[in-house]
Amino acid sequence: MNGESGISAGREDQAQERLRTGWIMVAAQGLLIVALIFLPRRGSLSLPLDAFDVVGILAMTLGLAVVLIALITLGRALTANPVPVEGAGLRTSGIYSVVRHPFYAGILLAGLGFTLAIGSWWQVVCWLALLVFFVAKATWEDRMLAEKYGVTWFDYADHVGGFLPRFRRE
């Protein structure tokens, strides 16, 4: 076996390992979201709504809107697996010009809203676990994007926050 085919095989192994890791992360993310929804709650929404209910409903609505916009913006690059799609290009426009990970940010905002509106301490713990998970997942994804897009990604990441917008004075 010559050196080039060994390098090619090594890249293929790395790509397969990344895909496996990505699918494991998708499964873990799904489990955390299902747990957040189905763990014991403090109750249902009832009238009159209190401040936590109102803020929670607004946060859920905004979070789900952010997720929907992110999904639409990704277009053909949309995949459940966080491994970048070959040939899709780096998304830096639309909502991706505001935050690098709007899908994760939207889920976190919707989950926080759910927790505020009807959650118990179980949801608080689960939401915090989801936050830690998404930070780790986004960091892994950012490394792959930096490797793939180089300087273009670093310029983008210098100006656009991961989960929250960056407001800078120029």
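The values are calculated or read from the model by the stated rules, or taken from the named source; none is laboratory data. Quantities reported herein were computed from a predicted structural model and do not represent experimental measurements. Counting neighbours? That spans all protein chains shown, and the Cβs are built from the backbone with ideal geometry, glycine included. The area values use the complete protein model at the heavy-atom level, side chains included, leaving out ligands, DNA and RNA. Shrake-Rupley method; radii C 1.70, N 1.55, O 1.52, S 1.80 Å.
When restricted to Cα atoms, segment 72-170 yields an Rg and a Dmax of 14.8, 44 Å, respectively.
Spatial offset of segment 40-103 relative to segment 8-39 amounts to 19 Å, using the alpha carbon center of each.
Taking amide H as placed 1.01 Å from N in the peptide plane, residue 161 has its amide H under 5 Å from the amide H of 100, 166, each at least 5 places away in sequence or on another chain.
Of 159, 101, the order by accessible heavy-atom surface (1.4 Å probe, DNA, RNA and ligands excluded), from most exposed downward, is 159, 101.
If 78, 58 are ordered by their accessible area, calculated over protein heavy atoms with a 1.4 Å probe, which sequence runs from highest to lowest? Could you put the intermediate results ahead of the total?
Details: 78 85, 58 115 Å².
Correct descending sequence by accessible area is 58, 78.
Taking a Cβ cut-off of under 13 Å around residue 22, the surrounding Lys, Arg, Asp and Glu residues balance to a net charge of +2, with basic ones at +1 and acidic ones at -1.
By a 1.4 Å probe calculation restricted to protein chains, residue 140 has an accessible surface near 40 Å², given to the nearest 10. Report, to the nearest 10°, how far helix 102-118 tilts away from the longest principal axis of the Cα atoms in the chain, using its own Cα long axis and a range of 0 to 90°. Here the helix axis deviates by roughly 20 degrees.
Counting each DSSP H run of 4 or more residues in the chain as -39500 (n - 2.57), what helix-only mean residue ellipticity at 222 nm follows after dividing by all residues, to the nearest 500 deg cm²/dmol? Display every interim value, and only then the final one.
Details: 5 runs with 115 residues, N = 170.
Helix contribution divided over all residues of the chain: -23500 deg cm²/dmol.
Reported value for segment 1-135: 118 Å³ per residue, from the convex hull of its C-alpha atoms.
For Cα pairs less than 8 Å apart in space and 6+ apart in sequence, what is the mean separation divided by the residue count of the chain, i.e. the relative contact order in percent? Working shown, then result.
Working: 168 pairs, mean separation 52.6, N = 170.
Relative contact order, the chain: 31 percent.
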